[in-house]
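The structure appears below as structure tokens.
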Amino acid sequence: MDKILLPSTITLMKEEGNEATFEISPYFPGYGPTVGNALRRVLLSSLPGAAITAVRCEGIEHEFSTLPGVAEDFVSILLNIKRIRIKLHTDTPVELRIKATGARTVTAGDIEKVANVEIANPDHVIAHLTDDKATLDMTLTSEQGRGYVPVELRENEERALETIAVDAIFTPVERVSFRVENVRVGQITEYHKLIMTIRTDGTVTPRDALSAAASILQDHFGALATDVHERLTTRREALPVEEAPVAPRLTVTAGPGESVPPLTEIETPARLVETAVAGAVRAPEELAKDPRLTSVVELPIATRIQNLLEKEGIKTVAGLVLKTRSQMLGIPGLGEKALEEIESGLTKLGVSLREEHSAG
């Protein structure tokens with residue numbers, strides 16, 4: 001059987017400033033778009049970079065304020081600040097200062113020099129001061145991250161008074177495009193040539209960006225290239241150790257006009273765990289016969305209650321029927337109303353919570 005041919009040439013076709021075009025070939029038929037899509041997604045979302053994440057400005061209480069003698073409103077200034085491209089040589093957040101006075105154009109180059117910080121686009125315009133008495137005094141917080149992180153995802157951050165959070169554009173790659181062309185290998189003309197163009201913000205070169213993206217993909221696929229069977233994990237029901245010796249009895253509720261005897265077989269916790277795991281490979285008709293294999297997310301209960309159960313390690317009905325009412329009420333955030341909803345859902349499946357056992 002012929003082996004899958006790996007690309008043997010990587011050529012830099014063109015490089016102008018922060019943009020470069022690479023040609024990689026030959027790829028086995030079908031692998032051009034496969035590799036191109038994977039690289040593009042990683043380049044745009046996963047490379048580390050630095051960005052302004054918060055701004056504090058003298059005379060500004062909120063982002064819809066204005067400053068006397070400044071042409072732009074503060075919303076426009078924030079939009080300009082987002083485009084400041086920074087290269088940090090430290091893992092900790094860094095505070096940067098801009099203090100400008102008089103009629104002039106304020107650019108990223110006016111940021112005061114700080115160790116371990118480089119401004120990649122010093123000519124980038126931040127604001128225009130139109131009055132000789134105008135002042136713009138700002139403190140910018142810069143830190144490292146990956147991708148794009150909006151303010152909504154950082155609501156729990158602690159910030160100083162009058163500090164305004166900024167959507168953070170961490171990714172150092174501004175644009176990625178690729179196309180695939182056919183190339184001849186021997187007598188076969190269906191091999192692929194991948195042509196990829198990468199434009200960065202200047203904090204990293206296109207070559208380094210491509211290399212970093214390939215390394216990230218290599219790490220992810222390398223984790224699967226080892227013995228997959230050893231790395232596979234099975235989801236098992238989390239059972240409290242102190243309950244292991246107890247042998248609960250499951251009861252079946254008869255429907256109208258039916259006569260169903262109680263379940264007499266004693267199911268140990270270990271047996272219930274085994275049953276829950278085995279359910280993953282059972283046929284659909286077998287699953288329908290055994291309600292204990294039902295996931296808690298399939299129960300007719302509120303999503304909030306399902307989340308509470310999963311947080312406690314209860315993922316199937318098999319784990320749920322091991323609990324008594326008092327144990328269920330001991331779950332933080334789960335009250336009588338939620339418990340009634342759970343019991344109602346279990347009744348529909350023909351099972352119930354474990355009975356309380358009196359001491360002695």
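The values are calculated or read from the model by the stated rules, or taken from the named source; none is laboratory data. Computed from a predicted model, the values in this text were never measured in an experiment. All Cβ positions, glycine included, derive from the backbone under ideal geometry; neighbour counts span all protein chains shown.
Just for strands (runs of 3 or more DSSP E) wholly inside segment 1-62: which have at least 3 residues that are in the same structural domain as Ser76 (by TED's automatic domain parsing) and more than 30 Å from Asn182 (Cβ to Cβ)? Spell out the reasoning first.
Numbers: elements: 9-16, 19-27, 48-57.
Fully inside segment 1-62 and qualifying: 48-57.
How about segment 64-109: which of its residues are farther than 15 Å from Leu136 by Cβ and part of a loop (DSSP other than H, G, I, E, B)?
Listed by number, the residues that qualify are Phe64, Arg83, Arg85, His89, Thr90, Asp91, Thr92, Pro93.
Which members of segment 153-181 meet the condition of being within 14 Å of Ala51 (Cα to Cα) and β-branched (Val, Ile, Thr)?
Residues satisfying the conditions are Val166, Ile169, Thr171, Val173.
Do you know which residues across segment 291-307 are in contact (Cβ under 8 Å) with a residue 12 or more places away in the chain and either surrounded by 14 or more Cβ atoms within 10 Å (Cβ to Cβ) or among the hydroxyl-bearing types (Ser, Thr, Tyr) (or both)?
Pro291, Arg292, Leu293, Thr294, Ser295, Val296, Leu299, Ile301, Ile305
Just name the residue that is farthest from Glu61 (Cα to Cα) out of those in segment 143-172 that are among the basic types (Lys, Arg) and loosely packed, with under 15 Cβ neighbours inside 10 Å.
Here is the first cut: in segment 143-172, the ones among the basic types (Lys, Arg) are 146, 154, 159.
Narrowing the set further to residues that are loosely packed, with under 15 Cβ neighbours inside 10 Å leaves 146, 159.
On the way: Arg146: 29, Arg159: 13 Å.
Per the criteria, the residue is Arg146.
Surrounded by 14 or more Cβ atoms within 10 Å (Cβ to Cβ) and in contact with a helix residue (DSSP H, G or I) (Cβ under 7 Å, 6 or more places away or on another chain): is that true of Gly69 in this structure? I'd like the intermediate steps shown before the answer.
Details: surrounded by 14 or more Cβ atoms within 10 Å (Cβ to Cβ): yes; in contact with a helix residue (DSSP H, G or I) (Cβ under 7 Å, 6 or more places away or on another chain): no.
Criteria not met by Gly69.
Restricting to segment 282-312, and then to whatever is part of a loop (DSSP other than H, G, I, E, B) and among the charged types (D, E, K, R), can you tell me which residue is modelled with the highest pLDDT?
My answer is Glu312.
Kindly provide the set of residues from segment 313-352 that are without any contact (Cβ under 8 Å) to a residue 60 or more places away in the chain, part of a loop (DSSP other than H, G, I, E, B) and crowded, with 20+ Cβ neighbours inside 10 Å, ordered by number. Outline the logic, then answer.
Of the residues in segment 313-352, the ones without any contact (Cβ under 8 Å) to a residue 60 or more places away in the chain are 317, 320, 323-346, 348-349.
Cutting the leftovers down to part of a loop (DSSP other than H, G, I, E, B) gives us 323-324, 330-335.
Selection gives Lys323 alone.
Being surrounded by fewer than 15 Cβ atoms within 10 Å (Cβ to Cβ), among the charged types (D, E, K, R), closer than 30 Å to Lys87 by Cα and modelled with pLDDT of 80 or more, is that true of even one residue in segment 209-227?
The answer is yes, given that some residue of segment 209-227 is surrounded by fewer than 15 Cβ atoms within 10 Å (Cβ to Cβ), among the charged types (D, E, K, R), closer than 30 Å to Lys87 by Cα and modelled with pLDDT of 80 or more.
Can you tell me which residues in segment 26-47 are of a type outside the set (A, V, I, L, M, F, W, C) and touching a Phe, Trp or Tyr at 6+ places or on another chain (Cβ under 7 Å)?
Residues of segment 26-47 that are of a type outside the set (A, V, I, L, M, F, W, C), as a first pass: 26-27, 29-34, 36-37, 40-41, 45-46.
Matches in segment 26-47: Pro26, Tyr27, Pro29, Gly36, Arg40.
Is one or more of the residues making up segment 119-128 surrounded by fewer than 19 Cβ atoms within 10 Å (Cβ to Cβ), modelled with pLDDT of 90 or more and of a type in the set (Val, Ile, Thr)?
yes
Check off (1) touching a Phe, Trp or Tyr at 6+ places or on another chain (Cβ under 9 Å); (2) crowded, with 21+ Cβ neighbours inside 10 Å for Arg85 and give me the number that stays unchecked.
That leaves (1) as the condition not met.
I'm checking my understanding of the structure. Among residues of segment 173-206 that are within 11 Å of Asn18 (Cα to Cα) and acidic (Asp, Glu), which one is surrounded by the most Cβ atoms within 10 Å (Cβ to Cβ)?
Of segment 173-206, the ones within 11 Å of Asn18 (Cα to Cα) are 173-175, 197-206.
This time we only want the ones that are acidic (Asp, Glu), so: 174, 201.
On the way: Glu174: 15, Asp201: 20.
Once the filter is applied, the top-ranked residue is Asp201.
Are there any pairs, at least 6 apart or on different chains, whose C-beta atoms fall under 7 Å, with the first in segment 172-184 and under 30 Å from Ile119 (Cα atoms) and the second assigned to a strand (DSSP E or B) and among the basic types (Lys, Arg), and if so, which?
Filtered contacts from segment 172-184: Glu174/Arg199; Arg175/Arg199.
Might you check whether a residue that is surrounded by fewer than 18 Cβ atoms within 10 Å (Cβ to Cβ), of a type outside the set (A, V, I, L, M, F, W, C), farther than 23 Å from Thr205 by Cβ and touching a helix residue (DSSP H, G or I) at 6+ places or on another chain (Cβ under 6 Å) occurs anywhere in segment 38-57?
No, segment 38-57 has no match at all.
Considering only segment 10-38, state which residues are in contact (Cβ under 8 Å) with a residue 12 or more places away in the chain, touching a strand residue (DSSP E or B) at 6+ places or on another chain (Cβ under 7 Å) and under 30 Å from Ile86 (Cβ atoms).
Within segment 10-38, Ile10, Leu12, Met13, Asn18, Glu19, Ala20, Thr21, Phe22, Gly36 meet the criteria.
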